[in-house]
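A quick write-up on the structure given underneath.
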Amino acid sequence: MVVSARVVLRGNKGTVELLSFVDYTLAVSVIDRKLADKVGVEYTGKQYKLKGELKGEIAIVKSMIIDEVPIHNIRVLVVEFSENSAKALKKLGYSGGIILGLNALEKAGLIPDILSGGLRRLRLFE
């Protein structure tokens with residue numbers, strides 16, 4: 001089953017709320033350059049290649065709220081989403097501007113729940 005999450009991105013220029021596809025095979029979350037520029041991320045100058053062909057620049061998002069769980073200073077890979085990729089995500093009901101990866105889920109203490117199609121809180125030390 002496909003896993004989704006409500007995400008709020010806060011950067012130096014603004015805030016955007018959207019529905020994100022969760023790809024628990026990605027090491028790092030990926031956002032489209034247009035969205036990165038809209039919220040205002042801080043670029044690190046480091047290039048990164050993901051899954052063979054997908055390459056972009058590492059940036060820091062000031063704050064991200066994933067299903068009401070806030071995290072701060074999260075690394076993302078900023079890429080140019082192809083028109084086909086953006087259309088495919090939108091056809092599935094997603095924003096087309098972000099794909100959440102493991103780094104954000106781990107930092108938020110969330111794990112994908114493939115039975116419900118959402119995320120759930122990882123409660124190790126309670």
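Where in region 38-126 are there chymotrypsin sites (Phe, Trp or Tyr not before Pro) that are in a DSSP coil and have at most 16 other Cβ atoms within 10 angstrom of their Cβ?
Details: sites: Tyr43, Tyr48, Phe81, Tyr94, Phe125; in loops: Phe81, Tyr94, Phe125.
Sparse-neighbourhood loop chymotrypsin sites (Phe, Trp or Tyr not before Pro): Phe125.
So how much slack lies between Ser63 and Met1, counting 0.36 nm per residue of separation and subtracting their Cα-Cα distance, in nm?
Details: separation 62, 0.36 × 62 = 22.32 nm, distance 2.78 nm.
Result for the pair: 19.5 nm of gain on full extension.
Would you list, by chain and number, the lysines whose Cα falls below 23 Å from the Cα of Lys46, excluding same-chain residues fewer than 8 positions away?
Lys46 reaches Lys13, Lys34, Lys38, Lys55, Lys62, Lys107.
Calculated from DSSP H runs of 4 or more alone, at -39500 (n - 2.57) each and per residue, what is the 222 nm mean residue ellipticity of the chain, nearest 500? Walk me through the intermediate numbers first.
Details: 3 runs with 23 residues, N = 126.
About -5000 deg cm²/dmol.
What whole number of Å gives the distance from the Cα centroid of region 97-123 to the Cα centroid of region 12-67?
Spelled out, the Cα-based centre of one part sits 15 Å from the other.
Apply the Karplus curve 6.51 cos²θ - 1.76 cosθ + 1.60, θ = phi - 60°, to the phi angles in region 92-97 and return the couplings in whole Hz, x for Gly and Pro.
Going residue by residue, I get 7, x, 9, 5, x, x Hz, with x marking Gly and Pro.
Please provide three numbers in whole Å: the alpha-carbon extents of the chain along the principal axes, with the largest listed first.
Its Cα atoms span 39, 29, 27 Å along the three principal axes.
FYI, it's all coordinate maths here, none of it is from the lab. None of the values given here were measured: they were computed from a predicted structure. Note: ideal-geometry Cβ built from the backbone for every residue, glycine included; neighbour counts use all protein chains shown.
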